[in-house]
Amino acid sequence: MTPEAVVYACTCDFAGKVRGKGFPATDFEKRLKRGIGWAPTNTQLTCFDLIAESPFGALGDRVLIPDPTTRVSLRSEEQDIAEDFVLGDILNLDGSPWSMCTRSILKSALERLHQVAGLRLLSAFEHEFQFTSNPMGIGQAYTLQGLSSRRLFAERLIGAMRAAGLGPDTIMKEYAPEQLEVTMDPAEGVTSADHAVILRQLVHSIARACGETVTFTPLREPGGVGNGVHIHFSLLDDRGAPAAFDPHSRYRLSKMAGQFVAGILKYLDSILALTAPSVVSYGRLTPHRWSAAFNNLGLQDREAAVRICPVSTMSDIEPARQYNIEFRAGDASASPYLHLAAIVHAGVQGIEEGLAAPEATEEDLALLSSDELHRRGYIRLPTSLPDALARFAENATVHSWFAADFPKVYRKHKEGEMRFLEGMDEDEVHRAYQSVY
Ligand code: GLU
Ligand code: MG
């Protein structure tokens, strides 16, 4: 008897969890047509496993069809790594996309961008995470020593990323204790979100192989330093030429990119429940911690929700292709698919509405009174998950981007997640999230 390779066909769901079913790798081709069966109520599995109220009950069937371009198959006995999985779409039995399938939701947002503006999205996810094993303590921020202490992990990760088709870009010891940051090359459309899902899986898997544990939780403890997921993006026209950059316009934002960013900022308070969807996300989204507390655009300002990144004249890459915009108000408790879909829909809405390009702020908005903020068109972003869910629930425009049943099911999911935390104190809540992300 010899062991047989098993492929896990997965979705990355409302909880940002990668869930699926396995089958013998020899059936891979067949499974591309047949898929694997999926119970609709699985979508209400919260990050804590507790099943939130589900309109589907025990009824119904969907099918998860793997996308072979996303297959990751890495095996190294020497490195103690065995990963074999493929991502896919959850479809109704007639082949139409299921309204709760996060990957299909992103695809439809990208289609809308193309239909409305003739544009494609190029994006890259930047991840921060922290080791929860073998703490080194303070004094390591950005240090070589900090990276050296995790060099084996870092080098295995870079190798695994390359083998999985992700373009490794940088890896560094970030500011917080035991925190690393890893960035990767941009990819088009749904692929960059696929890469984010794969990256998280690889980080956990390689950490385990190195005898370590990691967490992507947005915040490990009240008042601590956050783990953000920043998304860098730009736009391409149908010929693949950069379309976000215009050297002659303000901030070098093309007209459509300006409208796109204005849409993100206009709808930011109502999409936060999708991009920063955990209870502890809101301890991270507070002023003076290099995350995002207001709906503002900044030029190279790491406190802005949306930041225009620098362009260097020394680079081998032309300015138009370097130029990118960073969305900072999200974290890894979000499914990368929903995270990106929310940004794209808000951006396209801005294009449809013909919004004016925003003014970039150059000051600390936390110092302004709420009247002054209001006068200048800014708001303090929701400060809790219930507050963010309420904004999401109230915004009919945001609802119109999704299938009619999505917003309610999503809200019920998040309510179920919060129910699991009832009776816990703040530290326990943070520990609970640390243990599941
Ligand atoms: N850790 C910060 C966050 O929570 C980001 C720091 C940075 O990379 O600018 O988003
Ligand atoms: Mg960082």
Among bridges DSSP assigns within the chain, what percent are antiparallel (round to 5)? 85
Sequence gap at least 6, Cα distance under 8 Å: using those rules, report the relative contact order of the chain to the nearest whole percent. 19
Using just the helices of the chain, give the 222 nm mean residue ellipticity in deg cm²/dmol: DSSP H runs with n ≥ 4 each add -39,500 (n - 2.57), and the total is spread over all residues, rounded to 500. -11000 deg cm²/dmol
Region 38-140 - Rg (one decimal) and Dmax (whole number), Cα, Å: 19.1, 57
Region 87-233, Cα convex hull volume normalised per residue, Å³: 139
Can you run the Rg to Rh ratio on region 197-278? Use alpha carbon positions and the Kirkwood inverse-distance Rh. 1.12
Take the Cα atoms of region 336-437, find their three principal axes, and give me the spread along each one in whole Å, biggest first. 44, 38, 23
Measure of size requested: the Rg and Dmax of the chain, with Cα atoms as the atom set and Å as the unit; please supply both. 21.0, 73
Cβ charges +1 (Lys, Arg) and -1 (Asp, Glu), total dipole of region 297-360, debye: 120
Round to a whole angstrom and tell me the spacing of the C-alpha centers of region 178-217 and region 221-278. 21
If you bin the C-alpha pair distances of region 1-49 every 10 Å from 0, what whole percents do you get? 24, 44, 27, 6
I'm a student and want to see the number: the projected area of the Cα convex hull of region 193-352, averaged over all directions, in nm². 10.9
Please list, ordered by chain and number, the residues whose modelled amide H lies under 5 Å from the amide H of Leu219; skip anything fewer than 5 residues away on the same chain. Asn227
Which of the chymotrypsin sites (Phe, Trp or Tyr not before Pro) across region 8-106 are loop residues per DSSP, with 13 or fewer other Cβ within 10 Å? none
Taking 8 Å as the Cα distance limit and 6 or more residues as the minimum spacing, I'd like the relative contact order of region 169-287 as a percentage. 16
Given the alpha-carbon gyration tensor of region 382-429, what are the semi-axes of its equivalent ellipsoid in whole angstrom, ordered largest first, with each equal to the square root of 5 times an eigenvalue? 25, 12, 6
Within region 393-437, what residues put their amide N at less than 13 Å from the label point 7 Å along the Cα-to-Cβ vector of Phe56? 406, 409-410, 413
Filter the GluC sites (Glu not before Pro) in region 1-110 down to the DSSP loop ones having no more than 15 other Cβ atoms within 10 Å, then list what survives. Glu4, Glu53, Glu77, Glu78
In this structure, the FRET efficiency calculated for Glu78 and Ala404 from their beta-carbon separation, with R0 = 45 Å, to the nearest 0.05, is 0.30
How many angstrom lie between the Cα centre of region 351-393 and the Cα centre of region 127-177? 34
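Read-outs: derived from the displayed coordinates by stated rules, not from any lab. If you're wondering where the values come from, they're calculated on a predicted model, not measured in any experiment. Here the Cβ is made from the backbone with ideal geometry for all residues, glycine too, and neighbour counts use every protein chain on show.
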